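Visitor: Please read through the structure below; I'll follow up with questions.
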Amino acid sequence: MKTNVLRVLALLMSVLLLTVFISACSPSESANPPANENNSADTPDTADPGEDTGDQGGEVPPGKPLEGTEIEIMHSFAESHPVFQEIATKFEQETGIKVNVYESAVATHYTELNERIQTNNVPEIFSVWPGNSVDPYIDSNALAVLTGEPWVERLGFAGAQESVYNGETYIAPFNTSFLTFAYNEEVFARNNLSAPENYAEFVNILETLKNDPEISFPITLTDNYPLMITSILTASFIYQFEPDFDEKVASGEKRFDSPEVYEMYKKVAIDWAEAGYINVDTAPSTTRMGRELMELLDGKTGLIAMGSYDLNVINEMNTENVSLLMIPIPSETNHGALIAAAGNAFAVSGFAEGAEKEAALLFLDYLMNPENNNLICKSMNSLSTFDDVSVDMPDIIKNLEKYRDNPSHGWIVWPPEVQNNLTLLTDVMRLPAGEKEEALKATLAQLHDIWMGTIQ
Amino acid sequence: MKRLYARGKLSPNRDGARDKIIQIVFLIPALTIFIVFFLYPVSTSVMYSFTDWNGISRESNFIWFDNYIEFFSNSTIFRTLPTTLYYAVLNMTVLTFGGFFVALALNRRSRFTPVLRLTFFIPMLVSGLIVGFVFREIYAPVLNEDNMGIINRLLTMVGLSGLRGNLLGNVNTAMIVVVLTGAWVQLGTTSMIYLAGMQIIPRELYETAEIDGAGYWRQVYHITWKMIVPSLSINMILLLVNSLKSYEMIFYLTQGGPGTATKVVNMSVMEFSVSAYKVGLGCAMSIIVALFIFVLVTVINVLLRRRERGIRE
């Protein structure tokens, strides 16, 4: 009897387990995204765009506004989440359209988005990073065409360039990210230096700092050194003279290892190391931003190569007694430019239809208006993509705004395979002096082949 | 019992059938887990490996063996194979012998032995990412006299400043450092497997050898080493599989650099699947790696079995 009871229990347990596994593993089309503590209050109850959503879906009834429509915006900007919620609340009060703001984790943003695309649960608006990663979404019909939307004509240079794919606007860039240099004002003052106006002055600063006994090396670089440095300086030179460098390489009109490009890389990858401006031993390093930044804050180095993202690191550190300023990247003949690009953007789901799509476009327009765009950019310590928006930013980057109109931005759209393989340049830097030049030529030729390989 | 059969209440056949049903019922949970978490993902990967799916689109095209051909024709991918093998060979060598000597030490009876065993085993419980993060700080290069990693600091303290350097940033040292870090993690498991083998060796063998005049190292070689061949086989197979599958610790330590000095094949898989949106190619790469592991493990298994049989005979 006892044995039979146990057998029946075992049978029941097995059936229960099986049911749990099957239900857990079967895709649920109406599944909500995982809620977390921060946004549990506004966890979306998103309807499947493909489903009939009653009076909220389908065509907008004539004469009836979009009031009562519910849409979702998915973003991965933790620091700006309260701002998005605030804007969404204001929008709901003005239009009656409810916007659920969902914050995804930055590391898994695309993974989660892709999963939701596969399960017919796509948010009406979601954030994307401009550049190569947008193409597959366009190819997959996951992005709605935004050409002709009211905010498009207000976009500045970087935003206008990078929102267009195959002649159509697909994304709405709202802030500008950039790579450039920050310097320690105290170190500069000690050496009677001021911000450089061109490349010659920049090199002069490095030479002066090299002789300052209190500092280790004139310039410190963040991790992924070759990627950063080639991006920052070389691209600045390349795009000053060849604004359409990408198109020319892609069409076979120009080689990546052409003599001009070689000269530009040589300056940084060979000459700087030989001159002692950088620490070759730490150059191909994986040390994190914090370690190098401490060098700058301690006055052990004069300059650091950094991007807008790194400003958040600075904000988290004690910089009260240190004055840092960011400068544009010096080019051959002038102040140069920012290696600037559209930093973050929103896209409207290509699967959204009817009232939801209308509401999403309306909300996107609302997000891009100067007042709201200002709020968002300020929360990110970032420049706007719109020329008519001047963000109230910290002094460290305030002076960069005037260079925004003339950004040098091409490297962002280099094929990912090329960007990933820029690390091959580390091998060149660590070779004996006599072998570097040949190795650099070979590496650039290899990068050209990789670029061409991505086209085929 | 016979009376029960005779009454027809319980026949050997009915009992056997019921037992089979019960066996099947008990198998269902494990089978479900196997199907859902292994068979289904593997078969889906095989299916995607023949498509150009980008990981986003709801549609994909069947492209036959194009992804497999690209694996062998793309120099960026193919270059990671020798690096992966180099890592696997180094890792297996260090751990096979390192684990053996640690197990020898732990096999001695002392009141500290349990603590030592635990100490060696703890790193195995730490996530590869955390290991990478911590060791990257330990190996950090010299930025200046105030700012350097622990290894460089120790070298400075003992007057060996000339040996300081960027261990992870140097093509010549990066792989060795990565292997040693991995060994720190896996040493516990490897030595525990050896230890289990050592503890079943009859003490009489050592006593006899001692009477015959065999010294300690002769006993270690002729008795211990030869008697733990089954443990050696298990260790080598596990080490081979783990080495060829390595990813997260190496990624966090060096991100495959400097250059491509430590870029193993799984980094390429991630790069193509996630960064380049070529999930089909990523799946094909995973399958090739899995087949490669399967073939290597089979070969090693056959060779080790032969050796085991030879020793037994």
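The values are calculated or read from the model by the stated rules, or taken from the named source; none is laboratory data. The shown structure was predicted, so the numbers you read here are calculated from the model rather than taken from an experiment. Cβ atoms come from the backbone with ideal geometry, glycine included; neighbour counts cover every protein chain shown.
Results for (1) within 12 Å of another protein chain (Cβ to nearest Cβ); (2) not aromatic (Phe, Trp, Tyr), shown as yes or no for each residue.
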position: B:Gln23; (1), (2): yes, yes
position: B:Trp53; (1), (2): yes, no
position: B:Ser73; (1), (2): yes, yes
position: B:Tyr87; (1), (2): no, no
position: B:Ala103; (1), (2): no, yes
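Visitor: For segment B:133-155, how many residues meet the condition of being free of Cβ contacts under 8 Å to residues at least 12 places away in the same chain, part of a loop (DSSP other than H, G, I, E, B) and facing chain A (nearest Cβ under 7 Å)?
Guide: So the count comes out to 1.
Visitor: Out of all the residues in segment B:277-313, which are farther than 30 Å from A:Glu115 by Cα and not in a helix (DSSP H, G or I)?
Guide: B:Glu313
Visitor: List, please: which pairs have Cβ atoms under 8 Å, are six or more places apart or on different chains, and start with a residue in segment A:442-454 that is farther than 13 Å from A:Asp246 by Cβ and facing chain B (nearest Cβ under 8 Å) and end with one that is outside any helix (DSSP H, G or I) and polar (S, T, N, Q)?
Guide: A:Gly453/B:Asn74
Visitor: Report whether or not B:Val274 is within 14 Å of chain A (Cβ to nearest Cβ) and outside any loop (DSSP other than H, G, I, E, B).
Guide: Yes: the conditions hold for B:Val274.
Visitor: In segment A:397-443, how many residues are in a helix (DSSP H, G or I), of a type in the set (Lys, Arg) and modelled with pLDDT under 75?
Guide: Initially, segment A:397-443 is screened for residues in a helix (DSSP H, G or I), giving A:397-403, A:410-413, A:416-429, A:433-443.
Add one more test, that the residue is of a type in the set (Lys, Arg), and what stays is A:398, A:402, A:436, A:441.
This time we only want the ones that are modelled with pLDDT under 75, so: A:398, A:402.
Number of matching residues: 2.
Visitor: Scan the helices (runs of 4 or more DSSP H) fully inside segment B:158-260 and keep the ones with 1 or more residues being without any contact (Cβ under 8 Å) to a residue 12 or more places away in the chain.
Guide: Values: elements: B:174-198, B:203-211, B:216-219, B:229-245, B:248-254.
Answer list for segment B:158-260: B:203-211, B:216-219.
Visitor: I'm trying to understand the selection: among the residues of segment B:64-83, which are surrounded by fewer than 17 Cβ atoms within 10 Å (Cβ to Cβ) and not in a helix (DSSP H, G or I)?
Guide: Passing the criteria: B:Trp64, B:Phe65, B:Arg79.
Visitor: Which fully enclosed helices (runs of 4 or more DSSP H) of segment A:262-365 have 1 or more residues being aromatic (Phe, Trp, Tyr) and either in the same structural domain as A:Pro123 (by TED's automatic domain parsing) or modelled with pLDDT of 75 or more (or both)?
Guide: Working: elements: A:272-275, A:289-297, A:310-316.
The qualifying helices (runs of 4 or more DSSP H) are A:272-275.
Visitor: I would also like to ask the following. Could you please find all residues in segment A:79-97 being among the basic types (Lys, Arg) and modelled with pLDDT under 95? Outline the logic, then answer.
Guide: The initial filter retains those residues of segment A:79-97 that are among the basic types (Lys, Arg), namely A:90.
Correct list: empty.
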